[in-house]
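Take a look at the structure below.
The values are calculated or read from the model by the stated rules, or taken from the named source; none is laboratory data. All values derive from a computational prediction rather than experimental measurement. In this analysis, Cβ positions are derived from the backbone assuming ideal geometry, glycine residues included, and neighbour counts consider all displayed protein chains. Please note that ligands, DNA and RNA were not included when accessible areas were found on the heavy atoms of the full protein model with its side chains. Shrake-Rupley method; radii C 1.70, N 1.55, O 1.52, S 1.80 Å.
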Amino acid sequence: MVSALAILGGQVVAGGTVAPGGVLVRDGLIAGVGTFAVPDDAETIDAGGKLIAPGIIDVGVFAIDPAAFSAGGITRAVLMPDQSQPLDAVALIQHAVTAGKPDVWVHPLAAATQGLKGTDLAEIGLMARAGACGTATGRGWIADSGVMQRLLSYAGALGLVTISHAEDAGLAGSAVATNGEAATRMGLPAAPAEAEALAVARDLLLVEVTGAPLHFRQLTTARALDLVRDAKRRGLPVTCGITPAHLLLSDVAMGDFRTFTRLSPPLRSEDDRQACLRALADGTIDILCSGHDPRGPEAKRLPFVDAEPGMAGAETLLSLGLGLVRDGTIAMPRLFDLLSAAPAKRFGLPGGAIAVGAEADLILIDPEAPWRISSEKMVAQAGNTPFDGLPVQGRINHLIKGGVRL
């Protein structure tokens, strides 16, 4: 490891702007931004006018997948507790913390309840001391309001953010799609989109009672986003995220029964998709995440109703996000606020921004490099992407973790 690294001649995404310049790294931290004297002992990288951006912090991944993370520019991953053994014990948290180093740092979320069963609270405090950066209800919603209130009170007292899955299970049942023309035409069991808003409304009322911070991992409907928008106006400590799939695809994409479009939450109507784009643009949505959930053939090569939900999203997150910039939905600085700065701030993680003294987690991006998403060529543990075959732009040229080139 060299003591200094100078990245020169790029376009630096920092401080809400994109400006010509470079970044100087020394001893794993950012020592200079913009224009600076290059130390004699520094290794240099010519960015060639490409983007120099903070490493992506991906919130809510379901698998530790270093190859996919590196390909997608992800330097830190916030891991959901839904593992083969739910992350409800100190030893499991400790193991997860070390699982991705040194290439990517994994920040596990403590299971909110024992075994993620939604009944008895887990030992969240002990797991936080062991390295958990928050707590999460997992793939499911906690139906018992008393349990959810205790969870928020306990986690809030510890200074932890709770991540909630926003779907009223009593209303959603075994549905695999959203009520509407597409589900009716395909004969799929479906639930009303209001199942999401009902869950959000209940949880927001409990935030009012407890004052505890809450993050909805994914919100995908206009009604739910309106509730969050109003809660923010009233000063409640609530944030929410979304994946590119729910911004770019509607339930029409399920038309060929392609199980790669079997997601949780399910794809929504075109009206809800448009509402999500507006919420991204106006700041209601705080975090853009991959929802990375690689599923092998045994889980996806099944009838649509029987297939497991989920998509492999880590490799495509950045490129699809850059597409939102090219479409004019958001500006480049806003994209990296969604991908990096906001996740770091919300979960108290290092990195997330290019500033003097910050952790040197950086990515060099060629935003115009063309490629085609291919499920067969993905480096992830599985290639279950709903964007299979889509032409995109944007590739990682260099990834730097803690000042070290990977």
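With Rg and the Kirkwood Rh both taken from Cα atoms, where does Rg over Rh land for the chain? Mind showing how you got there, number by number?
Details: Rg = 20.6 Å, Rh = 21.4 Å.
Looking at the chain, the ratio lands at 0.96.
With a cut-off of at most 14 other beta carbons within 10 Å, and DSSP calling the residue loop, which trypsin sites (Lys or Arg not before Pro) in segment 360-406 qualify? Please list them. Spell out each step's value before the answer.
Working: sites: 372, 377, 395, 401, 405; in loops: 377.
Those satisfying the criteria are 377.
Can you find, among 302, 330, 287, the residue farthest towards the positive end of the dipole of segment 263-340? Put +1 on the C-beta of Lys and Arg, -1 on that of Asp and Glu.
Ranked along the dipole, the leading option is 330.
So what is the calculated 222 nm ellipticity per residue for the chain, using -39500 (n - 2.57) for each DSSP H run with n of 4 or more, over all residues, to the nearest 500 deg cm²/dmol? All intermediate terms of the calculation are to be shown ahead of the outcome.
Values: 14 runs with 116 residues, N = 406.
After summing the helix terms and dividing by residue count, I get -8000 deg cm²/dmol.
Accessible area, 1.4 Å probe, largest first: how do 388, 361, 286 sort? Mind dumping the intermediate values first?
Details: 388 65, 361 5, 286 30 Å².
Of 388, 361, 286, the descending order of accessible area is 388, 286, 361.
I'd like the distance separating the alpha-carbon centroids of segment 113-128 and segment 318-342, in whole Å.
Using only Cα atoms to place each centre, the spacing works out to 35 Å.
Is there a quick way to get the dipole size of segment 224-321? I mean about its Cα centre, with the Cβ of Lys and Arg at +1 and of Asp and Glu at -1; what is the value in debye to the nearest 20?
Values: 12 positive and 14 negative charges, 38 e Å.
Result for segment 224-321 is approximately 180 debye, rounded to the nearest 20.
Pick from 170, 73, 291: which is most flexible by mean-square fluctuation in a GNM of the chain where alpha carbon atoms under 10 Å apart are linked?
Largest GNM mean-square fluctuation: 170.
Count neighbours as other Cβ atoms within 10 Å of each site's Cβ, and list the trypsin sites (Lys or Arg not before Pro) in segment 230-289 that are DSSP loop with at most 15 such neighbours.
Details: sites: 232, 233, 234, 258, 262, 268, 273, 278; in loops: 234, 258, 262, 268.
Counting only loop positions with at most 15 other Cβ atoms within 10 Å, the trypsin sites (Lys or Arg not before Pro) in segment 230-289 are 234, 258.
Taking every Cα atom in segment 257-406, find the radius of gyration and the maximum pairwise distance Dmax, and write them in Å.
16.6, 52
Report the one residue of 80, 51, 406 whose Cα lies farthest in the direction of the positive end of the charge dipole of the chain (charges on C-beta: Lys and Arg +1, Asp and Glu -1; origin at the Cα centre).
With unit charges placed on the Cβ atoms, the residue in question is 51.
Checking the cross-link filter: which lysines have an alpha carbon closer than 23 Å to that of residue 232, excluding same-chain neighbours under 8 positions apart?
Hits, sequence-local ones excluded: 345.
Straight-line reach only, C-alpha to C-alpha below 23 angstrom: list the lysines that residue 300 could link to, leaving out same-chain residues fewer than 8 apart.
Here the lysines satisfying the reach criterion relative to residue 300 are 377.
Only four residue types carry charge here, +1 at the Cβ of Lys and Arg and -1 at the Cβ of Asp and Glu. Report the dipole size of segment 169-282 about the Cα centre in Debye, rounded to the nearest 20. Don't skip to the end; give the middle numbers.
Values: 13 positive and 13 negative charges, 47 e Å.
So the magnitude is around 220 debye.
What number results when the radius of gyration of segment 1-157, computed over Cα atoms, is divided by 2.2 N^0.38 Å?
Numbers: Rg = 20.0 Å, N = 157, 2.2 N^0.38 = 15.0 Å.
Ratio of Rg to 2.2 N^0.38 Å for segment 1-157: 1.33.
With the other protein chains left in place, how much accessible area per residue, in square angstrom, belongs to segment 101-202 at a 1.4 angstrom probe? Can you show the working numbers first?
Working: 4040 Å² over 102 residues.
Value returned for segment 101-202: 40 Å² of accessible area per residue.
Using +1 at the Cβ of each Lys and Arg and -1 at the Cβ of each Asp and Glu in the chain, identify which of 105, 178, 157 lies farthest towards the dipole's positive end.
157
Take the alpha carbon atoms of segment 149-274, find their radius of gyration, then divide it by 2.2 N^0.38 Å using N residues; give the quotient. The partial results should precede the final answer.
Values: Rg = 15.4 Å, N = 126, 2.2 N^0.38 = 13.8 Å.
Taking N as the residue count of segment 149-274, the ratio is 1.12.
Considering just Cα atoms, how many Å³ per residue does the convex hull of segment 242-289 enclose?
Numbers: hull volume 3.0 nm³, N = 48.
Convex hull of Cα atoms, per residue: 63 Å³.
Please give the per residue volume of the convex hull enclosing the alpha carbon atoms of segment 46-85, rounded to a whole number of Å³.
Details: hull volume 2.7 nm³, N = 40.
Each residue corresponds to 68 Å³ of Cα convex hull volume.
Going by alpha carbons, how many degrees (0 to 90, nearest 10) lie between the helix axis of 222-233 and the longest principal axis of the chain?
60
Can you list, bin by bin at 10 Å, the percent of alpha carbon pairs in segment 125-191, starting at 0?
P(r) over segment 125-191, rounded to whole percents: 19, 36, 22, 16, 7, 0.
Round to the nearest 10 and give me the degree value, 0 to 90, for the angle of helix 270-282's Cα axis relative to the longest principal axis of the chain.
That works out to roughly 40 degrees.
Please go through segment 348-378 and write out the GluC sites (Glu not before Pro) that DSSP classes as loop and that have at most 14 other C-beta atoms within 10 Å.
On the way: sites: 359, 368, 376; in loops: 376.
Passing sites in segment 348-378 are 376.
Roughly how many nanometres apart are two label points built 7 Å out from the Cα toward the Cβ at residue 101 and residue 229?
4.4
By how many degrees, 0 to 90 and rounded to 10, does the Cα axis of helix 194-210 deviate from the longest principal axis of the chain?
So the inclination is approximately 70 degrees.
Of all the accessible heavy-atom surface of segment 23-68, with the other protein chains kept in place and a 1.4 Å probe, what percent is carbon and sulfur?
Working: 850 of 1700 Å².
Its accessible area is 50 percent carbon and sulfur atoms.
Evaluated at 37 °C with a viscosity of 0.692 mPa s, what Stokes-Einstein diffusion coefficient in µm²/s does segment 190-244 have when Rh comes from the Kirkwood expression over alpha-carbon pairs? Before the final figure, lay out the partial values.
Working: Rh = 11.3 Å.
Estimated via Stokes-Einstein, D reaches 289 µm²/s.
Cα-Cα pairs above 18 Å in segment 226-320: how many percent? Please report the intermediate quantities before stating the final value.
Values: 2296 of 4465 pairs.
The answer is 51 percent, as a whole percent.
Just read off the accessible area of residue 219 with the full protein assembly in place, 1.4 Å probe, to the nearest 10 Å².
0
With +1 on each Lys and Arg Cβ and -1 on each Asp and Glu Cβ, how big is the dipole of the chain about its Cα centre, in debye rounded to the nearest 20? Show your work: numbers first, answer last.
On the way: 33 positive and 42 negative charges, 48 e Å.
With Lys and Arg at +1 and Asp and Glu at -1, about 220 debye.
Along each of the three principal axes of the Cα atoms of segment 16-81, give the extent in whole Å, ordering the values from largest to smallest.
45, 26, 19
Can you tell me the mean projection area, over all orientations, of the convex hull of segment 291-356's alpha carbons? Units nm², please. Intermediate values should be presented prior to the final figure.
Numbers: hull surface 26.4 nm².
Mean projected area for segment 291-356: 6.6 nm², to one decimal.
For segment 135-178 and segment 1-72, compute the distance between their C-alpha centroids and round to whole Å.
So the two Cα centres are separated by 37 Å.
Could you give the nm distance between label points at residue 117 and residue 404, where each point is 7 Å from its Cα heading toward the beta carbon?
4.1
What do you reckon, how do 215, 95 stack up by accessible area (1.4 Å probe), largest on top? Each step should come with its number before you reach the end.
Details: 215 0, 95 130 Å².
Highest to lowest solvent-accessible surface, that is 95, 215.
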